[in-house]
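Below is one structure, written out as C-alpha cells; the observations come after it.
Readers should treat all values here as calculations from the given coordinates under stated rules, not as data from a laboratory. This one's a predicted model, so the numbers in the text were calculated from it and none came from an experiment. Ideal geometry is used to build each Cβ from the backbone, glycine not excepted, and the neighbour counts take in all protein chains shown.
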Amino acid sequence: MNIFNDKKLSLVLENHLRKLRSEVESQNDNYLLNVNETEFINYLVKEYTVNNVEIDPSGVYVSHLEKYISAEYFPRDFNVYAGRSYKKNVVKYHIPFQGDTELLKCVPSSRILWTTDITIEEDCICFEIISFRDDAEEIKKEADHRIGNILRQASCVKTEVESFNSNLRSQAEQVFRARKERILKTSNFLASLGVPLKKKENYLPTFAIPSPQINRSVNINKPKVNETGFKPEPALDNSTYNDILQVVHDVGKQFERMPSTYANKQEEDLRDHFLLYLEPRFQGSSTGETFNKSGKTDIIIRYEGKNAFIAECKFWKGSKTYLDTINQLLRYLTWRDSKAAIILFVRNKDFSSVIGQIELTTPQHPNFLGFVGNIESTWFNYRFHINGDRNREVKLAIVLFHFPDLATNAVGGN
C-alpha cells in the first residue's frame, strides 16, 4: 500500500466519534439513568481512544533477497529489453512500529506531499530498494530519505490523533449528558431533586474561607446496571459539599495552630467544635436543624429520613481501623451520589507516614472506584460505591489534622 495516502484521517476520526455517539444512543433509558456516570465515561474513553502510531527508527534492520525485476523499472542507461525481467538484489528495510495499523493508511490534515509503497510484516513497516548498481551509499541515501519522510508524516498523524484523544472525554461527557437530559425531559422529571440546603446570609464570620481549588486515571469494562427502573433521588449539590469541607478544613487548621486549647479533647468534643462552626453557616428548609449528631462522632445531614451527608471524626489508630470507618460510613449511605467525609486527628509524630498509609490503604477497599484529587497534602477526595451497587457513587473526602502534642505516645498503628 501507499503509506499515509489512502483516506483522510479527519474522516476516520469523525467516524470513530460517530460510533461512540451510536453506542450511547443505543443504550436503553434505564441503563443510562442508573449507570454510574464516571464509570461509564471511563469505559467510553478507554473503548474509543485511538491507539496512536509509534515508530521506532532506532530499531531499523535490513534483510536481503533476490527478485526478478521488470525491465521497465531499470534506469535508462541499463541495456535491458522491454517485456523481460532480470534478477537483481533487493534490500528490504524493516522499521518497528506500534499502534493502529489503519493509521498508516490515513492522510493527516497537515502533511507532506510524498508517499511510498510499503508492506506490514510482523509489526514492522517494510519497504524495498532495488540494488541496481550494488552501491551501498546510494541505497543508504535513498533509505534515509524514505525513513525521514515516513517519520515526518507519522508525526503529523500522531499530532492529530493526540488532539482527538485529548478531547475524547469531554466529547463523551457531552454526548452522555445530552442523551440523559433528553430522557429526563421526556419523562418529565429530574435525576436530582437537590437537598434543600443553602448558606445563611446573616451569620457572623469568624475567619475567611478561601475557595477550594481541586486538581483533576487498568482494565475498564462497560459498567453493569442491575436496576430495571429509575427513581429520582435528592442529592447534596457539589458546591455545598465543597463549602462544608472547606469549613471543616479551616476549623481543623485552627485546632493545629492552638493545640493546647484542644488538648485532652475526645472525638465527640472535637466534633462539637466543628458543628459550632457548621451550623450557623448552613440551613435546611425542611428541618429545624441542618446538622445532626448520630452516635459518638457522626456529623449528619438528613433529608426525608435518609442520610445525604455524613462525616466521621476519628483519631488515627492504624489502617485497619481506618478501613473499618469507611465500612461504617458506607453502611449509612444509600442514595445515589451521596457525600461523606472522614476527619482524622493524628497524634503520631511522623505525620508524613500516616499520610502515606492513607494513600496506600484507601485503594485497597473493595468499594473503591477512584482517586479524584487532593486540595493539599492533607485533604484527599475519592470516589467509592455503596455496598452491592457500583452505580451508586459516594464522594468521600479524607481530611487529616496533626495533633502531636495531644498525647505523649502515638495511638494505634504507625
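The table below lists the values:
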| quantity | calculated |
| --- | --- |
| Sorted peptide list for 346-354, 53-61, criterion being average Cβ within 10 angstrom, highest first | 346-354, 53-61 |
| Residues of type aspartates and glutamates that Lys141 reaches as a straight line, Cα spacing below 18 Å, ignoring anything fewer than 8 places off in the same chain | Asp117, Glu128 |
| Gyration tensor over alpha-carbon atoms, segment 13-87, equivalent ellipsoid semi-axes in Å | 57, 17, 9 |
| Neighbour-count order for Tyr68, Tyr86, Tyr303, fewest beta carbons within 10 angstrom listed first | Tyr68, Tyr86, Tyr303 |
| Among the listed pairs Lys253/Lys395; Lys8/Lys46; Lys7/Lys46; Lys46/Lys158; Lys67/Lys92; Lys253/Lys314, those beyond 20 Å (Cα-Cα) | Lys253/Lys395; Lys8/Lys46; Lys7/Lys46 |
| Straight-distance crosslink candidates among aspartates and glutamates, where the alpha carbon sits under 19 Å from Lys185 and sequence neighbours closer than 8 are dropped | Glu25, Asp29, Glu37, Glu173, Glu233 |
| Convex hull volume per residue in cubic angstrom - Cα atoms of segment 7-176 | 147 Å³ |
| Taking the C-alpha atoms of segment 89-153, convex hull volume expressed per residue in Å³ | 91 Å³ |
| Rounded FRET efficiency, nearest 0.05, which uses the C-beta distance separating Ser170 from Phe371 and R0 of 30 Å | 0.90 |
| Most to least packed among 114-124, 93-103 [average Cβ atoms within 10 Å] | 93-103, 114-124 |
| At R0 = 51 Å, FRET efficiency that the Cβ-Cβ distance of Leu11 and Arg281 yields, to 0.05 | 0.40 |
| Centroid-to-centroid separation of segment 86-106 and segment 136-156 [C-alpha atoms, Å] | 12 Å |
| Aspartates and glutamates with Cα under 15 Å of Lys349, excluding same-chain neighbours fewer than 8 positions away | Glu256, Asp405 |
| Label-point gap, in nm, between Lys105 and Thr159 - each point 7 angstrom along Cα→Cβ | 2.5 nm |
| Distance (nanometres) between label positions extended 7 Å along Cα→Cβ at Ile120 and Gln254 | 6.4 nm |
